[in-house]
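**Q** First the structure, which I've put down as structure tokens, then a few questions once you've had a look.
The values are calculated or read from the model by the stated rules, or taken from the named source; none is laboratory data. Just so it is clear, the model here is predicted, and its values are computed rather than measured. Cβ coordinates were reconstructed from backbone atoms using ideal geometry, including for glycine residues, and neighbour counts include every protein chain displayed. Only protein heavy atoms, including side chains, enter the accessible area calculation; ligands, DNA and RNA are left aside. Shrake-Rupley method; radii C 1.70, N 1.55, O 1.52, S 1.80 Å.
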Amino acid sequence: MDQQQHELYENARRRLKQKKVLYYHFVFLVVGSLFLFIANVFLKYGAPNHWYIWVCTVWVFIFILHFIKVFITDRFMNKDWEREQIDRLIQKQKNKISELSEKNSENP
């Protein structure tokens, strides 16, 4: 397997693992929220206030951040994006160096 195919395989494997962990997080969120609801409402743990609502709200917010990371941020900011940014910055530095070299050669 050549280097490019290996990188494609590793990237696909990494993305699959990210999605798998996100799906586990979702299932754990649903089951955990149900457990917290049952503990608070039916088992009267921490009654009479409904603390499970706050816990589930924070947990959903964390899940949304995880979802954004997997499906938005990591989708666009992958290895190709990193390479493009590095190439762009290298070219910018080369241009700046050539400008400085030209200025130094004009002003002896």
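**Q** Out of LYS79, LYS92, which single residue is touching a residue at least 60 places away in the same chain (Cβ under 8 Å), open to solvent by 80 Å² or more (accessible area, probe 1.4 Å) and of a type outside the set (Gly, Ala, Ser)?
**A** Working: LYS92 fails: touching a residue at least 60 places away in the same chain (Cβ under 8 Å).
Exactly one of LYS79, LYS92 is touching a residue at least 60 places away in the same chain (Cβ under 8 Å), open to solvent by 80 Å² or more (accessible area, probe 1.4 Å) and of a type outside the set (Gly, Ala, Ser), namely LYS79.
**Q** Does LYS92 qualify as being out of contact with any Cys (no Cβ under 8 Å at 6 or more places or on another chain), modelled with pLDDT of 95 or more and charged (D, E, K, R)?
**A** So LYS92 does not fit the description; no.
**Q** If TYR45 passes every condition in (1) open to solvent by 80 Å² or more (accessible area, probe 1.4 Å); (2) touching a helix residue (DSSP H, G or I) at 6+ places or on another chain (Cβ under 7 Å); (3) modelled with pLDDT of 95 or more but one, which one does it miss?
**A** Of the numbered conditions (1) open to solvent by 80 Å² or more (accessible area, probe 1.4 Å); (2) touching a helix residue (DSSP H, G or I) at 6+ places or on another chain (Cβ under 7 Å); (3) modelled with pLDDT of 95 or more, the odd one out for TYR45 is (3).
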